[in-house]
1. Kindly put 223, 345 in sequence by how many other C-beta atoms sit within 10 Å of each C-beta, fewest to most.
2. Which links in 224/391; 9/196; 9/53; 29/170 stretch past 18 Å when you go from one Cα to the other?
3. Quick one: compute the contact order of the range 202-261, relative version, from alpha carbon pairs under 8 angstrom and 6+ residues apart, as a percent.
4. On C-alpha positions alone, give me the angle between the axis of helix 268-285 and the longest principal axis of the chain, in degrees, nearest 10.
5. Lysines within cross-link reach of residue 303: Cα-Cα under 18 Å, excluding same-chain residues under 8 positions apart?
6. For every helix of n ≥ 4 consecutive DSSP H residues, a contribution of -39,500 (n - 2.57) applies; sum these over the chain, divide by its total residues, and give [θ] at 222 nm rounded to the nearest 500 deg cm²/dmol.
7. Count the DSSP beta bridges whose two residues both fall in the chain, then state the antiparallel fraction as a percent rounded to the nearest 5.
8. Would you mind checking the tilt of helix 26-42 against the longest principal axis of the Cα atoms of the chain, expressed as 0 to 90 degrees and rounded to 10?
Amino acid sequence: MDIKKYMNKLGQQARAASRELNRANTGQKNDALLAIADAIETRSAELLAANKKDMDAGKKNGLDEALLDRLALNDERISGMAEGIHQIVALPDPVGEITNLNYRPSGIQVGKMRVPLGVIGIIYESRPNVTADAAALCLKSGNAAILRGGSEAQHSNQAIAKCIHDGLEKAGLDKAAVQVVETTDRAAVGELITMKDYVDVIVPRGGKGLIERISADARIPVIKHLHGVCHVYIDDDANLHQAISVAFNSKTQRYGTCNTMETLLVSQTVAEDVLPELGKMYIDEGVELRGCAITQEILPGIKAATEEDWDEEYLAPILSIRVVDGFAEAVEHIHKHSSGHTETIMTENITIARQFMMEVDSSSVMINASTRFADGFEYGLGAEIGISTDKIHVRGPVGLEGLTSQKYIVIGDGHIRT
């Protein structure tokens, strides 16, 4: 296969489809989405069979447990894909929304209209549900999509792609509005991230290595986050029962996700009240603990945390714990080691909570809630195309509005400038 020729063909088809989508109304887009959701649910057996091929190959090739967890589909995850699409259908269509329309002294009206970005290239690893999420978000926001999943999920992604194409056809929309790259040749990625004539933005989802490579080599704007080093800080004034529950959930609800807590910070005044119970819970759950010197005194037998541990995204049942001398030291630790993804404070002190919200510079900052809520589905976005830790043009979970831009519109009645 001539990869350059193949990818350019996808790009040309996507650009043409994006113009058609720009003319589609909300009803047409929603009809396509409902048809896609229906196809995913009715073909669940086919999706599971395709996923089994990927899982068997993954185990044979030695994929670790975190990657296998990301790769796996089951009835619950398939239902979740369909439910995410239904939530997107229920959301307002941002395309065409006009805001801030005001008269100027000259008599003209000036405002802003929300418009699609155009063609979005999405590169991701392992998780086949991204295929459905990304397709639905791009479709509702009026963007054509070129999706390039990891080779480890090839069978699953192509099975989901068939559901997407059937839904588009039923709604009378161009199948090229969502194209899933069929080749596993890595050269396809190199082409996709440099096709300036056809692709408007790239969204990489995967490990730090993949995202660093895409960011370095792309000739197209990139929406990204490199990794998720998320923190929970248990403050002096925390409700300790809640703190233990939230800290446990933040780590153990699911290990292989970017919004999983990797470092627990505990104020010294409550450390001896919290860590013995919480440490036992983690150990009983099979979590390996690595702690600072004070933590090791409270939890004898755990490993010493190294300086590298504070910067590590484990994506595994491993947790670093540090006892800090109160709020200021906790925030300083976060400033130094956070990836800018998600941080939580456990406190009943509203002044400290507000200070934490103001001082911590991450895309999601939480009070008394698990870091696992940092997710487009949980935020009511229906699904997310990724999480951005950049500050331009979108930050945090990227939903419909994050996949659009704005243009100025001017309304006159024969006005001329004098």
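Quick note: the coordinates plus some simple rules give every number you see, no bench work behind them. This structure is a prediction, so every number in the text was calculated from the model and none was measured. Neighbour counts run over all protein chains shown; Cβ positions are idealised from the backbone, glycine included.
1. Values: 223 25, 345 29.
Lowest count first: 223, 345.
2. Numbers: 224/391 10 Å; 9/196 14 Å; 9/53 29 Å; 29/170 11 Å.
In this structure, 9/53 lie more than 18 Å apart at Cα.
3. That works out to 31 percent.
4. 70
5. Straight-line reach from residue 303, under 18 Å: 251, 280.
6. Details: 14 runs with 181 residues, N = 418.
Rounded to the nearest 500, the figure is -13500 deg cm²/dmol.
7. Values: 14 of 52 bridges.
The antiparallel proportion sits near 25 percent.
8. Helix 26-42 sits at roughly 60 degrees to that axis.
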